[in-house]
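Step one of this worksheet: look at the structure below.
The values are calculated or read from the model by the stated rules, or taken from the named source; none is laboratory data. Fair warning: this is a prediction, and the values are worked out from it, not measured in the lab. Heads up, the Cβs are rebuilt from the backbone with ideal geometry, glycines too, and the neighbour counts pull from every protein chain shown. For accessibility, only protein heavy atoms count, side chains too; no ligands or nucleic acids. Shrake-Rupley method; radii C 1.70, N 1.55, O 1.52, S 1.80 Å.
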Amino acid sequence: GDHAEDVPPIDKRKPMPDILLVGEGGTQSKKLSDFKGKVVLLSVWASWCTPCLVELPSFMELHEKLADQGLAIVPLNVDEPETAAQFVPGFWKTRKFPFPTFFDPQKEASAALEVQTLPTNLILDKAGRLVAQGLGANDWASETSIQFLEALLKE
């Protein structure tokens with residue numbers, strides 16, 4: 001919807017588990033806590049999820065507008081390891097995404113986040129608390145989304 005969403009007060013936000021985000025080929029893995037100090041858009045996606053593939057490019061616009069203000073786009077791929085190894089690197093290179101995707105080969109991260117639907121997008125504040133969650137594809141480059149993220153970035 002296009003109604004302006006209010007950012008929930010800090011005492012209503014819940015802390016997130018410090019999940020492990022596995023980098024491509026198992027290198028450059030990070031923990032969620034490594035992004036403290038940034039507003040995080042954590043997007044759980046898979047290659048078989050068409051809305052995910054449609055939605056991911058809209059994050060590039062957010063990245064261009066808000067990365068220098070402290071927004072981190074953190075895609076988390078939940079494909080089976082074979083698909084993750086075959087499909088994802090090619091897809092990522094073709095689309096020229098300006099941020100890496102991470103992987104969840106053991107499905108531990110998505111289980112800890114209680115992900116039921118794809119895509120699941122979690123917006124975390126600079127302290128790593130959950131502010132909002134979007135299920136299904138949304139237009140993240142919309143004016144409403146950008147205003148919501150800008151409000152968080154100013155905290």
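Here are the numbers for the structure shown:
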read-out: Per DSSP, loop GluC sites (Glu not before Pro) in segment 95-152 with at most 16 further Cβ within 10 Å; value: GLU114
read-out: Dipole of segment 58-155, positive end: most advanced residue of ALA132, PRO89, ALA112 [Cβ charges, Cα centre]; value: PRO89
read-out: Cα-centred dipole magnitude for segment 92-155, charges only on beta-carbon of K, R (+1) and D, E (-1), debye, nearest 20; value: 300 debye
read-out: Per residue accessible area of the chain, 1.4 Å probe, in Å²; value: 52 Å²
read-out: Cα centre as origin, Lys/Arg/Asp/Glu Cβ charges: segment 76-125 dipole, Debye; value: 360 debye
read-out: Accessible area in the full protein assembly, largest first, 1.4 Å probe, for ASP6, ASP34; value: ASP6, ASP34
read-out: For the chain, share of DSSP beta bridges that run antiparallel, in % to the nearest 5; value: 60 percent
read-out: Listed pairs LYS93/LYS126; LYS12/LYS154; LYS31/LYS96; LYS14/LYS126; LYS31/LYS126 exceeding 22 Å between Cα atoms; value: LYS93/LYS126; LYS31/LYS96
read-out: Share of carbon and sulfur in the accessible heavy-atom surface of the chain [1.4 Å probe, %]; value: 52 percent
read-out: Under the Karplus curve 6.51 cos²θ - 1.76 cosθ + 1.60, θ = phi - 60°, whole-Hz ³J(HN,Hα) for segment 36-49, x wherever Gly or Pro sits; value: 4, x, 10, 7, 10, 10, 9, 10, 8, 9, 8, 5, 7, 9
read-out: Centroid-to-centroid separation of segment 82-155 and segment 43-63 [C-alpha atoms, Å]; value: 8 Å
